[in-house]
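The values are calculated or read from the model by the stated rules, or taken from the named source; none is laboratory data. This structure is a prediction, so every number in the text was calculated from the model and none was measured. Cβ: placed from backbone, ideal geometry, glycine included. Neighbour counts: every protein chain shown.
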2 protein chains.
Amino acid sequence: MENFEFHNPTKLLFGKGEIEKIANEIVRYGNKILIVTGGGSVKKIGILDQAIVHLEASGCTWFHLEGIEPNPRLTTIQKGIEICKREGIEIVLAIGGGSVIDASKAICAGAMYDGDVWDFYTRKSTIRSALPLGTVLTLAATGSEMNGNSVVTNWETQEKLAVGSNKLLPKFSILDPTYTYSVPKDHTVYGIVDIMSHVFEQYFSHTSHTPLQDRFSEAILKTVIENATKVIDNPKNYDARANILLSSTFALNGLINIGKTTDWATHAIEHAVSAVYDIPHGGGLAILFPHWMAYVMDNGIEKFVTFAVNVWNVETEGKTDKEIALEGITKTREFFNRIGAPSQLKNYNIGSERIEEMAEKAVRGGTIGSYKRLTKEDVIKILQESL
Amino acid sequence: MENFEFHNPTKLLFGKGEIEKIANEIVRYGNKILIVTGGGSVKKIGILDQAIVHLEASGCTWFHLEGIEPNPRLTTIQKGIEICKREGIEIVLAIGGGSVIDASKAICAGAMYDGDVWDFYTRKSTIRSALPLGTVLTLAATGSEMNGNSVVTNWETQEKLAVGSNKLLPKFSILDPTYTYSVPKDHTVYGIVDIMSHVFEQYFSHTSHTPLQDRFSEAILKTVIENATKVIDNPKNYDARANILLSSTFALNGLINIGKTTDWATHAIEHAVSAVYDIPHGGGLAILFPHWMAYVMDNGIEKFVTFAVNVWNVETEGKTDKEIALEGITKTREFFNRIGAPSQLKNYNIGSERIEEMAEKAVRGGTIGSYKRLTKEDVIKILQESL
């Protein structure tokens with residue numbers, strides 16, 4: 001195990017009806033709020049109204065930025081920053097999924113910065129302070145509700161970049177499984193793929209002697225796998241939605257990667273793909289991950305054997321390590337297919353035309369990944385396999 | 001799953017040499033420190049000196065309270081409170097195991113209170129504020145380094161009582177596995193039993209649909225079981241010590257009980273036993289837990305079957321649920337015996353003379369536990385089985 005620091009002060013309020021506590025949490029930080037939302041579903045299902053009723057009853061004033069895109073755009077974020085600066089906003093409240101929360105984090109950082117918020121994503125500047133952020137989550141996927149990560153797309157430069165800072169950790173996050181009842185099937189599926197992909201990025205590592213972290217990871221994967229078809233078949237299954245929601249939060253809150261070197265090559269490749277084609281993140285990951293696994297497994301077959309056995313219950317008798325590992329990868333791909341995720345880039349009408357450009361984008365900061373360090377040529381091969 | 005709040009802002013600094021960061025962490029809160037230690041081992045192995053060198057280099061002044069007992073006593077704690085009030089202490093630094101940390105928490109709370117700190121333990125008063133606390137852990141056992149619990153013994157009244165408050169959560173905890181190298185075999189064993197017991201108290205629950213929490217619990221148990229003999233056979237096995245240390249922290253930091261009703265009857269019984277006989281907490285738990293399991297299992301055999309299968313790999317073919325459950329319990333007892341923990345109260349020269357008195361103490365606040373609510377008569381039976 002490697003040395004590590006773990007510090008996650010985000011307060012979770014989990015369960016049906018927890019929205020009632022929202023004003024209590026908000027007023028610890030201020031009463032002038034920017035509410036940030038996405039495409040309108042939080043209005044339709046009434047969450048926005050519920051929040052506003054509680055906030056107004058506590059004497060809060062609020063402004064509203066709506067229309068955050070699924071891959072949140074810099075230009076929309078800049079509008080939010082402008083409101084914060086102009087109105088003297090004291091706390092930002094994100095109501096939505098990962099995109100809304102990621103955009104809100106950018107707004108929180110940008111509101112306390114004189115330059116262009118994009119500087120944080122290009123590493124031109126470092127986040128030194130940010131407005132406090134609260135979140136009400138409506139989609140189990142990114143884990144953004146309990147981490148300091150933010151991913152933003154700049155369409156001018158066709159770049160999708162991430163930044164991480166403990167200054168961006170939400171002060172609180174309200175997780176009500178009933179808010180995910182109305183998530184459509186495709187987004188439920190993308191969320192499931194996203195959660196599992198986050199675990200993969202941290203599970204496949206050469207750091208040895210990390211049994212607790214690895215078993216925590218397997219716990220998340222198995223919980224998601226067991227509950228996936230339940231939420232797809234019955235979107236209002238409270239306990240299944242709750243288990244998926246909880247898994248999504250713990251898949252990327254800094255718990256399962258403590259003391260480990262992680263990978264994140266597949267995310268880098270997917271970000272390059274969706275920066276060029278604007279495809280759903282979870283869809284891209286479902287296509288790419290099995291191919292990444294097959295491409296890198298020879299760099300450490302043991303972990304893929306453990307994965308196959310502990311997560312997919314692959315029988316080992318009479319099989320070589322490679323056969324066991326491949327069976328685990330096949331089962332991963334089959335699972336993604338079974339729940340309705342895509343398996344080839346051509347499902348999104350993506351051909352080989354821009355592979356070179358995507359690979360270039362993926363490795364713009366140098367080689368990616370750690371299980372096997374991937375060069376541009378490696379990325380091209382993985383993308384070709386994924387066509 | 002039940003609704004829950006989870007909020008654990010303790011910062012962990014984990015790994016060899018992390019003590020170097022101590023002054024950085026301390027000075028966020030002040031530079032007038034009360035250092036609290038136990039019986040002298042932190043002096044012998046040099047941790048106290050290391051800490052002092054770093055603190056003095058950063059301009060801190062410090063006072064020292066030593067001699068905290070294994071079951072920390074109210075009278076010693078009161079001395080610490082007096083120093084804090086007299087000297088205007090700004091932060092307490094606990095260097096030691098769970099007892100030292102528990103005592104330090106009491107000091108932190110007592111320093112900000114005009115009455116007797118024991119009021120918090122008897123529920124006469126509630127903790128409203130406390131001095132900040134930092135810890136340097138030297139023993140994997142109680143989890144006190146990342147929770148708000150404190151257990152203190154009042155020898156005048158022969159009571160061992162616990163209090164829990166988020167005000168008592170350490171601001172930071174330094175966890176260096178090498179500091180646990182010199183823990184003697186018996187205390188290593190008691191620590192292992194303590195960790196596993198904490199998991200048992202939270203794992204055995206009637207709350208349904210908690211697969212993630214339950215698998216996290218099993219992850220901790222399996223990690224501890226696999227690493228136990230490694231640390232006993234080779235006390236300087238870094239990775240094994242690290243895995244046990246990490247398991248101890250996550251066994252009682254609020255993670256594995258989220259959304260669950262927990263039990264804690266066995267801890268209540270053990271506290272009653274060790275308040276009367278001053279035996280090691282881990283020793284008492286090793287004796288009591290298998291008997292508690294056997295006594296309550298008919299109240300929900302399924303969980304004990306899952307436990308037997310997932311934790312102890314018990315084969316199920318051709319066996320009744322009860323046989324499987326009993327095999328899991330037997331394996332638990334055998335494991336405790338194998339690592340050198342006691343299995344009967346008579347190992348501590350405890351006979352039946354004061355059973356009634358201990359049972360009375362255990363249920364002083366009413367029935368205990370939730371898997372099966374235990375009355376005084378139930379406790380007497382469990383204690384008789386444990387003789």
Whichever residue in segment B:169-187 is buried (at least 24 other Cβ atoms within 10 Å of the Cβ) and among the β-branched types (Val, Ile, Thr) and, among such residues, is nearest to B:Phe250 (Cα to Cα): B:Ile174
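Within segment A:3-15, which residues are at the interface with another protein chain (Cβ under 7 Å from one of its Cβ atoms) and assigned to a loop (DSSP other than H, G, I, E, B)?
If the condition is that a residue be at the interface with another protein chain (Cβ under 7 Å from one of its Cβ atoms) and assigned to a loop (DSSP other than H, G, I, E, B), then A:Asn3, A:His7, A:Pro9, A:Gly15 are the ones that fit.
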Count of residues meeting criterion [modelled with pLDDT under 95 and in a loop (DSSP other than H, G, I, E, B)] in segment A:247-280: 3
Filter pass, B:Tyr371 being crowded, with 21+ Cβ neighbours inside 10 Å and under 24 Å from the mean Cα position of the chain (by Cα): yes
Boolean, B:Ile26 is touching a strand residue (DSSP E or B) at 6+ places or on another chain (Cβ under 8 Å) and more than 28 Å from B:Ala240 (Cβ to Cβ): yes
Test result for B:Cys108, surrounded by 22 or more Cβ atoms within 10 Å (Cβ to Cβ) and within 26 Å of B:Pro280 (Cα to Cα): yes
Failed condition for B:Met293, given (1) within 23 Å of B:Glu159 (Cβ to Cβ); (2) at pLDDT 95 or above; (3) out of contact with any Leu (no Cβ under 8 Å at 6 or more places or on another chain): (1)
Sole residue being modelled with pLDDT of 95 or more and facing chain B (nearest Cβ under 10 Å), chosen from A:Glu201, A:Glu218: A:Glu218
Which listed residue is in the same structural domain as B:Ile339 (by TED's automatic domain parsing) and either without any contact (Cβ under 8 Å) to a residue 24 or more places away in the chain or touching a strand residue (DSSP E or B) at 6+ places or on another chain (Cβ under 9 Å) (or both), from B:Ala240, B:Ala228: B:Ala240
Which listed residue, of A:Gly318, A:Gly365, A:Gly351, is modelled with pLDDT under 95 and surrounded by fewer than 22 Cβ atoms within 10 Å (Cβ to Cβ): A:Gly365
Selection status of B:Phe289, crowded, with 21+ Cβ neighbours inside 10 Å, over 19 Å from A:Ile256 (Cα atoms) and among the aromatic types (Phe, Trp, Tyr): yes
Yes/no for B:Asp194 being facing another protein chain (nearest Cβ under 9 Å), charged (D, E, K, R) and out of contact with any Phe, Trp or Tyr (no Cβ under 8 Å at 6 or more places or on another chain): no
Some residue of segment A:45-60 being within 18 Å of the chain's Cα centre (by Cα) and either of a type outside the set (A, V, I, L, M, F, W, C) or within 24 Å of A:His198 (Cβ to Cβ) (or both): no
Counted residues, segment B:82-102 - those being buried (at least 24 other Cβ atoms within 10 Å of the Cβ), part of a helix (DSSP H, G or I) and of a type in the set (A, V, I, L, M): 2
Checklist (1) over 29 Å from A:Lys16 (Cα atoms); (2) in contact with an Asp or Glu (Cβ under 7 Å, 6 or more places away or on another chain) applied to A:Gly282, failing item: (1)
Every residue from segment B:102-124 that is over 17 Å from B:Trp62 (Cα atoms) and of a type outside the set (D, E, K, R): B:Ala103, B:Ala106, B:Ala109, B:Gly110, B:Met112, B:Tyr113, B:Gly115, B:Val117, B:Trp118, B:Phe120, B:Tyr121, B:Thr122
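Considering segment A:333-363 alone, what residues qualify as being hydroxyl-bearing (Ser, Thr, Tyr) and in contact (Cβ under 8 Å) with a residue 60 or more places away in the chain?
A:Tyr348
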Some residue of segment A:21-28 being in a helix (DSSP H, G or I), modelled with pLDDT under 95 and either within 14 Å of chain B (Cβ to nearest Cβ) or crowded, with 22+ Cβ neighbours inside 10 Å (or both): no
Failed criterion for A:Glu20 (all others in (1) in contact with a strand residue (DSSP E or B) (Cβ under 7 Å, 6 or more places away or on another chain); (2) closer than 25 Å to B:Ile258 by Cβ hold): (1)
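Conditions (1) within 10 Å of another protein chain (Cβ to nearest Cβ); (2) closer than 19 Å to B:Phe216 by Cα; (3) of a type in the set (A, V, I, L, M), marked per residue:
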{"position": "A:Pro211", "(1), (2), (3)": "yes, yes, no"}
{"position": "A:Asp239", "(1), (2), (3)": "yes, yes, no"}
{"position": "A:Leu252", "(1), (2), (3)": "no, yes, yes"}
{"position": "A:Pro290", "(1), (2), (3)": "no, no, no"}
{"position": "A:Val296", "(1), (2), (3)": "no, no, yes"}
{"position": "A:Asn299", "(1), (2), (3)": "no, no, no"}
{"position": "A:Glu315", "(1), (2), (3)": "no, no, no"}
Within segment B:29-53, considering residues that are in contact with a strand residue (DSSP E or B) (Cβ under 8 Å, 6 or more places away or on another chain) and among the β-branched types (Val, Ile, Thr), the one nearest to the other protein chains (Cβ to nearest Cβ): B:Ile47
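Which residue, of B:Ile244, B:Ile232, is more than 14 Å from chain A (Cβ to nearest Cβ), over 30 Å from B:Arg354 (Cα atoms) and outside any loop (DSSP other than H, G, I, E, B)?
Answer to the selection: B:Ile232.
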Search result, residues across segment A:54-87 that are among the hydrophobic types (A, V, I, L, M, F, W, C), touching a strand residue (DSSP E or B) at 6+ places or on another chain (Cβ under 7 Å) and without any contact (Cβ under 8 Å) to a residue 60 or more places away in the chain: A:Leu55, A:Cys60, A:Trp62, A:Phe63, A:Leu65, A:Ile68, A:Ile83, A:Cys84
